[in-house]
Amino acid sequence: MGVYLNRNFLLSYVASFISLFGSKLLMISYVAFVYGETGSATLASAVFAADWIANLFVGLLATRYIDRADARRLLVALNVVAAAITLLFLAALSPRMFPLAVGVVFARALLNSAVNAARVKALVQFFDEEQTDTYSTVFNSSLFLAIAAAGAVGSFVLGLVDLRTVVLLDVATFLLSAALFALVRPDRQRIEATRRESEGVRENVVANLRSAAVVIARSPVISSAFFYIVLAVTALQATYEVLITAVPELWFGMGSSGMAVFFTAEWLAVFAGVFVYQYLSRRGKVPERLQGRLTVALIGFATLMYAVLPLAQGGLGPALAVFVLLVFAGEVVWAHQYKRLISHSPDSRVSSVVGLLTAVYYSLMAVSGFAFSRGMDTIGVEWSIGIDVSVIAVLVVCWEYAARRRRRRPAPGSSEPLISRPATAVPARPLVSASPAEGRPMKEETA
């Protein structure tokens with residue numbers, strides 16, 4: 001654990017967690033408030049949709065600026081502005097002000113999305129290359145841990161304090177996060193190297209998106225990571241987050257206390273998934289030839305757990321056990337694929353690549369979450385889960401079939417083991433070579 005005592009890592013991780021926790025606490029508390037007042041999963045999911053869809057705009061329009069910005073200054077400024085915007089929520093606390101509240105949620109989500117993109121850029125500005133490889137998975141797990149922790153607290157916090165207090169708490173977390181980010185000492189050599197790599201590149205929005213898409217399409221590793229991340233956060237995470245808001249009351253009559261229990265279970269599963277993956281990854285426990293099969297096996301296991309979840313509605317214990325296994329398997333897949341995405345993306349393009357990824361998966365999260373909610377309100381939980389499981393199975397089979405056909409063709413590219421690098425090894429970084437087609441640096445794939 002000593003590797004995680006790095007000053008920059010602790011400051012940035014704690015700052016990220018605090019900011020995300022406060023933001024998600026307010027959103028989840030408001031979702032619980034809306035569901036409690038209306039009893040409609042559809043209206044409650046509209047809050048999630050407003051939060052998720054905002055990432056489309058930042059991912060498509062803003063990442064080209066973030067890739068050229070000072071991540072520390074940007075993170076400080078964005079958190080301060082988010083605190084100011086959050087104060088507007090004080091005028092939207094009654095049910096009749098729901099449209100205004102959704103508007104404020106959307107504006108905050110724009111800022112939060114920019115913060116998340118800047119945090120990705122911070123991975124290549126706050127740390128050297130070896131540290132980036134080590135910290136990327138754990139650093140970005142703060143998002144999922146914050147969501148789960150905020151859900152556990154937010155689902156019953158309204159019984160202890162009013163929504164106004166939650167708003168003010170959120171404002172305080174943004175300001176504290178800004179103060180912590182201000183104390184980080186960036187890696188100046190890494191920043192200068194990234195600036196040299198991007199010198200002379202001046203692209204409009206369309207060209208920047210095209211360049212990010214080319215990076216993804218040309219790399220079998222990045223494209224595979226892109227697919228499985230999108231799958232994990234749409235067909236799995238978006239739908240089970242919706243389930244958490246309704247299932248405790250529908251199946252067990254527990255209301256907000258049941259939501260707190262399920263969110264706590266999610267937090268534990270996410271935490272275990274991230275650190276079990278890190279433990280195995282740093283010790284090279286899985287050979288290269290098994291990494292592809294293991295990813296498919298984990299997705300298959302998570303899908304199986306999702307399929308049997310309705311059978312466990314007769315008891316809280318079995319339902320929680322199945323839910324934890326579902327989240328754990330999905331989190332290991334996400335952790336591995338995210339690490340591959342970061343390590344194989346060019347430093348000067350990392351925010352643009354991740355921005356395009358988040359634009360896609362947050363948009364699809366909004367769509368899948370809303371569709372799943374509508375299904376719950378119309379055809380029931382069991383049928384909604386059954387359709388979701390079928391969609392996952394079809395998508396994975398089609399992707400793996402297409403990927404196998406591509407591998408049979410004589411084309412450059414390689415595969416990275418799921419867990420291949422020993423703890424003491426210095427990771428071999430990809431070389432930088434000129435891409436005449438794009439007129440910009442590109443990283444070569446390495447085995």
Please give the FRET efficiency for Met254 paired with Leu87, using the beta carbon to beta carbon distance and R0 = 35 Å, rounded to the nearest 0.05. 0.55
Would you mind computing, in nm to one decimal, how far apart the modelled labels at Ala213 and Leu316 are, each placed 7 Å from Cα along Cα→Cβ? 4.9 nm
A 1.4 Å probe over the protein heavy atoms gives segment 213-327 a carbon and sulfur accessible-area percentage of 69 percent
Highest first, please rank the peptides 274-283, 118-127, 321-330, 211-220 by the mean number of other Cβ atoms sitting within 10 Å of their residues. 118-127, 321-330, 211-220, 274-283
If packing is taken as the average count of other Cβ atoms within 10 Å, what order do 291-304, 104-117 fall into, highest mean first? 104-117, 291-304
May I ask you to give the solvent-accessible area per residue for segment 100-174, in square angstrom, as obtained with a 1.4 angstrom probe? 26 Å²
Take the Cα gyration tensor of segment 256-338, multiply each eigenvalue by 5, square-root it, and list the three semi-axes largest first, rounded to whole angstrom. 26, 15, 8
Here the residues of segment 77-91 lying in the modelled label zone of Arg7, meaning backbone nitrogen under 13 Å from a point 7 Å along Cα-to-Cβ, are none
Over the Cα atoms of segment 273-390, how large are the radius of gyration and the largest Cα-Cα distance (Dmax), in Å? 17.0, 52
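The values are calculated or read from the model by the stated rules, or taken from the named source; none is laboratory data. Here the structure is a predicted model, which is why all the values come from computation and not from measurement. Counting neighbours? That spans all protein chains shown, and the Cβs are built from the backbone with ideal geometry, glycine included. Accessible surface is based on the protein model in full, side chains and every heavy atom, while ligands, DNA and RNA are left aside. Shrake-Rupley method; radii C 1.70, N 1.55, O 1.52, S 1.80 Å.
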